[in-house]
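Read the figures in this text as sums done on the coordinates, not as results from a lab. Keep in mind the model is a prediction, meaning the values are calculated, not measured. Because the Cβ atoms are built from the backbone with ideal geometry, glycine has one as well, and the counts that use them run over all protein chains shown.
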Amino acid sequence: MSKPQYAVLATAGLLFIALYFGLKTTPPSWKTQEASRALRGEQASADQIVAQAKNRLSPEERSNVMVLEQAVGAATDDTERAARLKALSGWWYARGQRGAAAVVAEQVAEVLPSDSAWSVAGASYYQALQSETDTRLRTYYAERAIRAFESAASLAPDRVEHRVNVALVYAENPPAENPMKAVQLLRDLEQKYPESAPVYNALGRLALKTGQWERAIERLEKALALDPTNPNTPCLLMQAYENAGQTAKAAALAPKCQ
């Protein structure tokens, strides 16, 4: 990831910022689709994902990534190695190769484990998941994102957002055997953390996605009451009001929606 992107995710430590800010996802190009097809019929792996990303590069870009990889290999301690891996992840991210960026972000967390590093890795895999259409790759990205966020939660058990993030991954890629798993996890969190704005924001966003306007309003109003400083809740709530036909309330929130 680029330095600003890394800083935002590391500071916030939240996957749900992707839902708040509406991070843009670009549909895969024909090159991405062709590369994804090459993985069909076999289990996806980190090495394959990076190899396919390299196949999409120009000769000059391949030389550049080789230099970055050699710099990682030449690192003399974990701090230096992590810094160079961050640079490599940022390089991939800047070129729209979300899968490769996520693979390297996970390596950063493995070298210098912290809840923020694992959260960045999880958010990176989540973004890759959002822009992927191939089922095997989506499964891989979802599994790695969940693993990353669970690792973050194990290191910082008091930070509810890591568990919220796990639920949001399930919402993006529901398990066939339990398509309601995301909602179930969030409801459990609601019971355990009844005063958590992140939980209600996530529940509200899921209600919006499924067209449950009144439920979305109820949850987002509570989220706003719990955390009036969050600049994104008004936008979500305004959307819920508009869809529910409550135009006056939606208009009142418009100045707060940046």
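Descriptive notes on the structure:
- Extension gain (nm, one decimal) between GLU195 and GLU143, 0.36 nm per residue minus Cα-Cα: 15.8 nm
- Here the Kirkwood formula, the inverse mean of 1/r across different C-alpha pairs, assigns region 187-258 a hydrodynamic radius of 11.9 Å.
- Extension gain for GLU242 to GLU177 (0.36 nm times residue separation, less C-alpha to C-alpha distance): 20.0 nm.
- Remark: TYR170, TYR126 ranked as TYR170, TYR126, counting other beta-carbon atoms within 10 Å and listing the fewest first.
- The calculated pair-distance distribution of region 130-258 uses every alpha carbon pair, bins of 10 angstrom beginning at 0, and gives 13, 38, 33, 15, 1 percent.
- The ranking of THR233, THR133 by Cβ neighbour count inside 10 Å, starting from the fewest, reads THR133, THR233.
- Overall shape of region 101-191 was characterised from the C-alpha gyration tensor. The equivalent ellipsoid obtained from it has semi-axes of 20, 18, 8 Å, in decreasing order.
- Cα principal axis extents for region 149-201, largest first, Å: 30, 23, 15
- Among the listed pairs LYS86/LYS181; LYS192/LYS256; LYS222/LYS256; LYS181/LYS209; LYS222/LYS249, those whose Cα-Cα separation exceeds 21 Å are LYS86/LYS181; LYS192/LYS256.
- Amide H contacts under 5 Å for ARG56: none, restricted to partners 5 or more places along the chain or on a different chain, H placed in the peptide plane at 1.01 Å from N.
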